[in-house]
1. Report, as a whole number in µm² per second, the diffusion coefficient that Stokes-Einstein gives for region 26-168 at 20 °C and 1.002 mPa s using the Kirkwood radius over alpha carbon pairs.
2. So what are the ³J(HN,Hα) numbers for region 32-40, from phi and the Karplus equation (6.51, -1.76, 1.60; θ = phi - 60°), rounded to whole Hz, Gly and Pro as x?
3. If you take the beta carbon distance between Arg68 and Val94 as r and set R0 to 35 Å, what does 1/(1 + (r/R0)^6) give as a FRET efficiency, to the nearest 0.05?
4. Report the extension gain between Ala145 and Ile167 in nm, rounded to one decimal, defined as 0.36 nm multiplied by the number of residues separating them, less their alpha carbon distance.
5. Hey, what do the phi angles of region 129-143 turn into as Karplus ³J(HN,Hα) couplings, whole Hz, using 6.51/-1.76/1.60 and θ = phi - 60°, x for Gly and Pro?
6. Would you please give the residues with an amide H less than 5 Å from that of Trp98, counting only those at least 5 places away or on a separate chain, with H modeled from the backbone geometry?
7. Which chymotrypsin sites (Phe, Trp or Tyr not before Pro) in region 46-137 sit in a loop by DSSP (not H, G, I, E or B) and have at most 13 other Cβ atoms within 10 Å of their own Cβ?
8. With θ set to phi - 60°, apply the Karplus curve 6.51 cos²θ - 1.76 cosθ + 1.60 along region 96-110 and write out the HN-Hα couplings as whole Hz, x wherever there is a Gly or Pro.
Amino acid sequence: MRQTVALPLFAACLVMALPAWAADPAPEIQRPAGAPQAVGAVHSLRQIPEACARLEGAFTGDAAQPYRYAPVRTSPQCQPRARFVDFDKAKPSVAAGWKLNDVIRVPNATCPSQQAVVRVWRKPGSATPPPLDGQGQSRIYLQDAKQQAAGAAQAPSLTLFAAKLDIEGKACE
């Protein structure tokens, strides 16, 4: 008798949990959780070389905003081939052509039950680098680029990146 009740109950719980599993597709990059970070210690979450940026974060110790992160430009000389955009303005979704690129988990060293989770989304662009020349370099010549731009109805789009922060687990007191 117990098995007949337990099986439908298990199936009902599984069906109710499916939308939560379906909400996040599998990320393109699989990685384990990062090393626990102390409050106030600024750390790099991820490099995005094509956008000339890296994501930096830190636990704040503030209950209202326990973690903060920001994209930081890596070098003034870097020429970006992608853009990092605001998550709320871009509203990434699989239906709009975005791909879940990475899920970064950072545990709080002073509060093991809490972790920051940064989800990085990527929308592939149509811009592709030119083929390599005889010296192994990808070169764009001004005159060729002007002719190509004049003949093209629409300029190629750049790859876009957006990130969203969530705090998982309960806060310590």
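What follows draws every value from the coordinates through simple rules; no lab data is involved. Just so it is clear, the structure is predicted and the values come from calculations on it, not from any experiment. Glycine also receives a Cβ, built like all others from the backbone with ideal geometry; neighbour counts cover every protein chain displayed.
1. Estimated diffusion coefficient is 124 µm²/s.
2. Per residue, the Karplus-derived 3J(HN,Hα) values read x, 4, x, 6, x, 10, 6, 5, x Hz.
3. Step by step, r from the Cβ atoms, then E = 0.80.
4. Net length gain for the segment: 3.4 nm.
5. x, x, x, 6, 8, x, 9, x, 10, 9, 10, 10, 9, 3, 4
6. Under 5 Å from the amide H of Trp98: Ser93.
7. none
8. Those phi angles translate into 8, x, 7, 10, 5, 8, 7, 10, 10, 10, 10, x, 8, 5, 8 Hz.
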